[in-house]
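Novice: Before I ask anything, let me first share the structure, which is written out below as structure tokens.
Rule-based calculations on the coordinates, nothing more; no lab input. What you see is a predicted model; the values in this text were computed from it and never measured. FYI the Cβ positions are ideal-geometry reconstructions off the backbone, even for glycines, and counts take in every protein chain you see.
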Amino acid sequence: MTAKSSDGKVLFNEKKIYTPQSPAKGRGDKMVFGPHRKSGMLRDTSLQPGKTQVEDFEIKFPYTDAEKDGKNVRTVTDKAMDVTVALWHLPAGGEVEKLETNKGKYLFHESTKRVTVK
């Protein structure tokens, strides 16, 4: 999930991984992601079919603090941001930025909405 200001500056960027997790070959302490390496399960954080997953993110709008008449006054400097949420499938795991689209990663859904404050 990425939030950008009106001028395109990234204000927020966070990733969540939904996958069963297991140690490599069922042994050791190194965690691996991807179904081709699973032989034992430590925990399952995958997205289940037909189940709704809700996530909460707190994103602060850009602001400045100034003193006025002896009081701190906070002013929102940009009252709009574009929030983009993308759901990727990485069959063999890895980092989204380093994988090639439609080979190592597949985009299932992407949505962008403008959020404003009044």
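Novice: Suppose a student asked you for the relative contact order of segment 54-118, using Cα pairs under 8 Å spaced at least 6 residues apart; what percent would you report?
Specialist: The value is 31 percent.
Novice: Spelling out what I want: for every residue of segment 81-92, take phi, set θ = phi - 60°, compute 6.51 cos²θ - 1.76 cosθ + 1.60 (Karplus), and round to whole Hz; glycine and proline get x.
Specialist: With the stated coefficients, segment 81-92 comes to 8, 9, 10, 10, 10, 10, 10, 10, 10, 10, x, 10 Hz.
Novice: Sorting M1, M81 on the 10 Å Cβ count, fewest up front, what's the list?
Specialist: M1, M81
Novice: Still on this structure: Quick check on packing: order 82-90, 57-65 by the mean number of other C-beta atoms within 10 Å, highest mean leading.
Specialist: Result, highest mean first: 82-90, 57-65.
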